[in-house]
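The values are calculated or read from the model by the stated rules, or taken from the named source; none is laboratory data. This structure is a prediction, so every number in the text was calculated from the model and none was measured. Backbone-built Cβ (ideal geometry, glycine too); neighbour counts: all protein chains shown. What goes into the accessible areas is simple: the full protein's heavy atoms, side chains included, and nothing from ligands, DNA or RNA. Shrake-Rupley method; radii C 1.70, N 1.55, O 1.52, S 1.80 Å.
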Amino acid sequence: MLQKITLHDRMLIFASHLANKIVAQTNPKIPAHTGIVLETYRKICYLTGAEPNGDTYMSSRLKALDAQQIIQANFRKGHGNTKFIEVANDVELIIDNLFPQDFNNIIAKNYCDIESIIVNKLKKGSYGATC
């Protein structure tokens with residue numbers, strides 16, 4: 001099923017996975033929120049030469065992926081309208097197979113850049129980061 005969804009949806013799922021992996025190093029109790037996931041998605045698009053879709057459209061895609069149970073997008077008490085995004089467990093198991101090896105190599109080579117974007121976003125006041 002995941003091979004049949006659009007490239008940008010797959011990049012959004014992968015961005016959710018990466019964002020949560022990096023956020024967990026700072027605050028393992030709360031997953032990445034929509035802002036961090038979309039920022040990660042934009043960076044992945046930049047690195048791979050893809051034109052990113054707009055935030056409003058990608059937010060609607062997050063809702064659609066949530067409805068398909070590929071991700072979970074939930075509100076958390078005490079965080080207002082912020083949605084927190086997690087990738088479904090069965091999708092996590094095959095996340096490395098969503099893209100060809102050259103895509104995975106680009107991400108691995110630029111992992112530190114992606115990590116710095118997320119950490120900087122956390123430093124700007126996202127849910128109690130300790131920086």
Cut-off of 10 Å, at most 13 other beta carbons, DSSP loop: longest stretch of the chain lacking such trypsin sites (Lys or Arg not before Pro)
30-76
Could you tell me which label, among (1) 14.8; (2) 16.7; (3) 14.4, carries the value of Kirkwood radius over Cα pairs in Å calculated for this structure?
(1)
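Note down the net charge around Asn27, summing +1 for each Lys or Arg and -1 for each Asp or Glu among other residues with Cβ under 15 Å from its Cβ.
Surrounding charge for Asn27 is +4.
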Accessible area of the chain belonging to carbon and sulfur atoms, whole % at 1.4 Å probe
50 percent
Applied in sequence order to the stretch 17-29, the curve 6.51 cos²θ - 1.76 cosθ + 1.60 (Karplus, θ = phi - 60°) yields integer Hz couplings, x standing for Gly and Pro, of 4, 4, 4, 5, 4, 6, 4, 4, 6, 9, 9, x, 7
Computed lengthening from Asp96 to Ala50, 0.36 nm per intervening residue step minus Cα-Cα distance
14.7 nm
Cβ-placed point charges (K, R +1; D, E -1), dipole of the stretch 21-131 about Cα centre in debye, nearest 20
540 debye
Exceeding 18 Å between C-alpha atoms, which entries from my cross-link table qualify? They are Lys63/Lys83; Lys83/Lys109; Lys43/Lys83.
Lys83/Lys109; Lys43/Lys83
In the neighborhood of Ile117, defined by Cβ-to-Cβ distances under 14 Å, what is the net charge if each Lys or Arg adds +1 and each Asp or Glu adds -1?
+3
Can you list residues whose amide H is under 5 Å from Ile71's amide H, if they're 5+ apart or on another chain and H is modeled 1.01 Å from N?
Asp66, Ala88
